[in-house]
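Notes follow the structure.
Computed from the coordinates by the stated procedures, all read-outs in this text should not be read as laboratory data. None of these values were measured; they are calculated from a predicted model. With ideal geometry, Cβ positions are generated from the backbone for all residues, glycine too; neighbour counts draw on all protein chains shown.
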Amino acid sequence: MKKIMSMFITLSLLVCTVGCSQTEDSDNHVVQDYFEEFEFSPYGNEEELDTLEDLKISMNTEKDLDLKHLSFLIENNSDKEYRYSPNYFEIEAEQSGTWYQLKQLDDPSKSNERDCIIKPDERLTLEIDVKSFYGELPAGHYRLIKQFTFFENERDWDYDAYNLSCEFTTR
């Protein structure tokens with residue numbers, strides 16, 4: 001009887017261990033065909049992308065490409081003030097000329113952070129930890145999507161939202 005009980009307990013633990021080790025949100029690095037796993041990007045189709053002439057985001061070339069600390073340069077060459085959330089962003093992957101939205105392992109919008117402001121004629125460096133929100137990414141071509149808002153009148157919550165992108169490649 002003791003042998004049967006110990007076998008049953010061992011089998012139960014084995015099943016629990018295997019079941020718990022398989023997570024629903026696995027890293028994005030195991031995907032071979034993005035078409036089968038991810039949704040098409042709405043940016044450039046339903047959502048407008050890179051429509052501002054005077055507000056740009058680019059890769060900061062001063063630093064090496066490290067997914068834990070990707071560095072971007074935001075340049076506001078306008079006479080307007082724009083707001084953005086430093087931790088909210090999206091990463092998309094390109095495969096065969098089509099962009100796909102990657103799944104986030106953790107939602108950056110859950111942090112109760114305040115919006116940041118980029119003032120007219122200001123340049124800022126923005127460090128983003130892609131690895132924490134998306135896991136390991138395989139070698140490939142990606143783009144960061146970041147939203148900026150311009151408030152016509154803050155009292156009325158009258159604002160316009162703009163999505164900017166910056167492409168980068170990992171090897």
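Key figures for this structure:
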{"item": "Which listed pairs, of K103/K146; K56/K80; K68/K119; K80/K103; K56/K131, have C-alpha distances above 21 Å, in listed order", "result": "K68/K119; K80/K103; K56/K131"}
{"item": "Within the range 127-147: backbone nitrogen closer than 11 Å to the E75 label point (7 Å, Cα to C-beta)", "result": "none"}
{"item": "Potential lengthening between E152 and E167 on full extension [0.36 nm per residue; Cα-Cα distance subtracted]", "result": "2.5 nm"}
{"item": "Low-density loop cleavage sites - chymotrypsin sites (Phe, Trp or Tyr not before Pro) in the range 88-171, where at most 11 other Cβ are within 10 Å (DSSP)", "result": "W157"}
{"item": "Stretch gain in nm, segment Y159-A139, where the contour uses 0.36 nm per residue and the Cα spacing is subtracted", "result": "3.4 nm"}
